[in-house]
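S.K.: Have a look at the structure that comes next, please.
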Amino acid sequence: MKDQTDLFNDIDASEAPLRKGMKVKPVSGRHQAAQNPVSRDEVYEGWVRQLEASGRYRVLRQLAPRPIVRRAPAVTEKIAVIVDVETTGLDHSKDEVIELAIVAVTYTDDGRIGDVIDTYSSLREPSVPISPTITELTGITAEMVAGKSLNDDAVAAIVTQADLVIAHNARFDRPFCESLSPEFQHKAWACSFSEISWSELGFEGAKLGYLLGQLGWFHRGHRAVDDCLALLEVLATPVPDYPGNGFARLLEAASLSKYRIWAENSPFDLKDILKARGYRWSDGSDGRPRCWWTEVSENMRESELHFLRTEIYRRDVDVHVQRLTALDRFRRS
C-alpha cells in the first residue's frame with residue numbers, strides 16, 4: 001500500500017517529511033529531507049497531527065518536567081512550594097511518610113508561574129511496615145527505603161522561603177508534612193484539589209490523572225516528585241475556553257477566609273441530616289470540640305447558621321464559628 005507507515009517500527013527520523021511543502025529526495029535507498037534535517041520528535045509530532053486531524057484519535061504526550069533554574073526571585077515574584085508525600089497509609093495518627101518531594105517555583109500575584117528554582121526528593125524508612133498494597137500503589141518497597149532518612153536542614157531551607165505551600169490534597173498532606181518539619185506549620189497552604197472548581201473549567205474530575213489526561217498529557221504517577229512536577233504544569237497551563245489558569249484561581253481561593261462551624265450539642269437523631277449536608281465528625285482530639293462540623297465560605301456563613309438554628313436546634317442559639325485563613329486550613333481535624 002502506498003504511503004503506509006508502520007508506527008511500531010523503530011524508524012529513522014529521516015523517513016517521514018513533516019513540514020508542509022518539504023521536498024524529499026531518495027538517498028542511498030532512503031528518503032532524506034532536502035533541507036533542514038528532521039528530528040525523531042518531529043516525525044512523531046507529524047504522526048500525532050495526522051491522527052488528531054482525522055477526528056478519530058486523541059494522543060497523549062508524555063509530560064516533560066521543567067528545568068531547574070537556580071536563582072533568587074525577582075522583586076515582583078514570590079515563591080510557592082508544591083509538596084507531595086507517599087505514606088504507609090491514610091491515618092495521620094499511626095501511618096508514616098515514606099517519601100517526600102518538594103518543588104519550589106516563582107510566581108506573581110496575577111497567577112503567572114515562573115521558574116522552578118529548587119527541588120527536594122527523598123525516601124524515608126518508617127518504623128511501621130510498608131504493606132503490599134502501598135508497594136503496589138507507589139512502587140516503593142521496604143528494601144528501597146532501608147536506611148534512608150530526610151535531610152531536615154535541606155527541607156527547612158526550601159520550605160522557609162515559601163510564601164505558599166500547595167498540595168493536591170492538602171487535608172491529607174499537611175498533617176504528614178507538619179509531622180516531618182515545623183517549618184510547614186507556619187505557612188499558608190492551598191489545596192489544588194478542593195479549592196479549584198475543576199468542573200466549572202470543563203474537567204471531568206479533579207484527580208491529577210484526569211486533569212493531565214484532559215490537557216493531553218500522561219506521566220509516571222504515584223511517585224512524589226513526578227506528581228509535584230505534573231501538578232505544576234496543570235496549574236500553569238491556560239484552560240481552554242476559560243480565562244487564565246488554575247493557579248490564578250487557586251491564589252484567589254487561598255486569599256479568602258473560610259469559616260468552620262461547629263454544631264455542638266446537636267440532637268443525635270439529626271446526625272444523618274448533618275452528615276448528608278457535608279458535616280464531618282470531630283472526636284474531640286487536640287482540644288477541638290467533640291461534635292459535627294463543616295467549613296463554608298464567607299458568603300455562605302449566614303445561610304449555614306440559619307440552617308442550624310432552624311433545622312437542627314430549632315431555636316436561636318450561639319453557634320461556635322471559627323475563622324480560618326490559609327495559615328489555618330487543612331490542619332488535622
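S.K.: So, in nm, how far is label residue 91 from label residue 276 when the simple model puts each one 7 Å beyond its Cα toward the Cβ?
M.R.: Once both label points are built, they end up 3.1 nm from each other.
S.K.: Okay, moving on. Given an 8 Å cut-off on Cα distances and at least 6 residues of separation, report the relative contact order of region 219-333 as a percent. Kindly include the intermediate steps, with their values, before the conclusion.
M.R.: Numbers: 123 pairs, mean separation 32.6, N = 115.
28 percent.
S.K.: Moving on to the next point. Heavy atoms only, probe 1.4 angstrom, no DNA, RNA or ligands counted: give me 51, 324 ranked by accessible area, highest first.
M.R.: If we order 51, 324 from most to least accessible, we get 51, 324.
S.K.: Roughly how far apart, in whole Å, are the Cα centres of region 225-263 and region 264-333?
M.R.: The two parts, judged by their Cα centres, are 25 Å apart.
S.K.: Right, here's the next one. Can you tell me the relative contact order of the chain? Whole percent, Cα pairs under 8 Å, sequence separation 6 or more. Please list the in-between numbers first.
M.R.: Details: 540 pairs, mean separation 47.7, N = 333.
Worked out over the chain, it gives 14 percent.
S.K.: In addition: Looking only at 64, 230, 253, which one moves most when the chain is put into a Gaussian network model with springs between Cα atoms under 10 Å?
M.R.: 64
S.K.: Dipole of region 231-316, Cα-centred, from +1 at each Lys and Arg C-beta and -1 at each Asp and Glu C-beta, to the nearest 20 debye?
M.R.: In total the dipole reaches around 300 debye.
S.K.: Right, next: Would you work out which of 38, 279, 267 lies farthest towards the positive end of the dipole of the chain, given +1 charges on the beta-carbon of Lys and Arg and -1 on that of Asp and Glu, about the Cα centre?
M.R.: Toward the positive end, the furthest listed residue is 38.
S.K.: Along the charge dipole of the chain, Cβ charges K/R +1 and D/E -1, which of 122, 177, 166 sits furthest on the positive end?
M.R.: Ranked along the dipole, the leading option is 166.
S.K.: 5 Å is the cut-off here: which amide hydrogens, built 1.01 Å from N in the peptide plane, fall below it relative to residue 324, excluding neighbours closer than 5 in sequence?
M.R.: Counting only residues 5 or more places away or on other chains, the set is 258, 259, 260.
S.K.: Now for a separate question. Counting only the backbone N, which residues of region 257-287 are under 20 Å from the spot 7 Å out from the Cα of residue 299 toward its beta-carbon?
M.R.: Flagged as within label range: 257-261.
S.K.: Give the long-range amide H neighbours of residue 68: residues separated by 5 or more places, or on another chain, with amide H under 5 Å away, using H modelled in the peptide plane at 1.01 Å from N.
M.R.: Excluding prolines and chain starts, which carry no amide H, there are no hits.
S.K.: Based on the mean of other Cβ atoms within 10 Å per residue, sort peptides 143-156, 77-90 so the most packed one is first.
M.R.: 77-90, 143-156
S.K.: Continuing with this model, one more query. Within region 162-185, name every residue whose backbone N is under 17 Å away from a label modeled 7 Å from Cα of residue 154 along the Cβ vector.
M.R.: 180-181
S.K.: Count the net charge of all other residues whose Cβ sits under 11 Å from the Cβ of residue 68, scoring Lys and Arg as +1 and Asp and Glu as -1.
M.R.: After counting each charged neighbour, the total is +1.
S.K.: Same structure, new question: From the C-alpha coordinates alone, can you work out the Kirkwood hydrodynamic radius of the chain, in Å?
M.R.: Mean inverse Cα-Cα distance, inverted, gives 23.3 Å.
S.K.: Please state the charge dipole magnitude for region 122-211, taken about the Cα centre, from unit charges on C-beta atoms (+1 on K and R, -1 on D and E), reported in debye and rounded to the nearest 20.
M.R.: Values: 6 positive and 12 negative charges, 19 e Å.
Taking the Cα centre of region 122-211 as origin, the dipole is about 100 debye.
S.K.: Roughly how big is the chain's charge dipole about its Cα centre, with Cβ charges of +1 (Lys, Arg) and -1 (Asp, Glu), in debye to the nearest 20?
M.R.: My answer is approximately 680 debye.
S.K.: Another one. Run the simple label-point estimate for residue 325 and residue 283 please: 7 Å along Cα→C-beta, distance reported in nm.
M.R.: 3.2 nm
S.K.: Turning to a different aspect of this structure: For residue 99, enumerate residues with amide H under 5 Å from its amide H, sequence gap 5+ or separate chain, H modeled in the peptide plane.
M.R.: 86, 124
S.K.: Further question on the same structure: Could you give the accessible area per residue of the chain, probe 1.4 Å, as a whole number in Å²?
M.R.: With all protein chains present, the chain gives 57 Å² per residue.
S.K.: Given a 1.4 angstrom probe, I'd like the percentage of the accessible area of the chain that is carbon and sulfur, rounded to a whole number. Before the final figure, lay out each step's value.
M.R.: Working: 9380 of 18980 Å².
The C+S portion of the solvent-accessible surface of the chain is 49 percent.
S.K.: For the charge dipole of region 238-333, defined by +1 on Lys and Arg C-beta atoms and -1 on Asp and Glu C-beta atoms about the Cα centroid, which residue among 253, 289, 242 has the Cα displaced farthest towards the positive pole?
M.R.: 289
S.K.: Simple spin-label model, 7 Å along Cα-to-Cβ: residue 76 to residue 315 in nm?
M.R.: Each label point lies 7 Å from its Cα, and together they span 5.9 nm.
S.K.: Further question on the same structure: Looking at region 119-241, what % of the alpha carbon pairs are farther apart than 19 Å?
M.R.: On the way: 4200 of 7503 pairs.
Beyond 19 Å sits 56 percent of the P(r) for region 119-241.
The values are calculated or read from the model by the stated rules, or taken from the named source; none is laboratory data. This one's a predicted model, so the numbers in the text were calculated from it and none came from an experiment. Note that each Cβ is placed from the backbone with ideal geometry, even for glycine, and that neighbours are counted across all protein chains shown. Accessible surface is based on the protein model in full, side chains and every heavy atom, while ligands, DNA and RNA are left aside. Shrake-Rupley method; radii C 1.70, N 1.55, O 1.52, S 1.80 Å.
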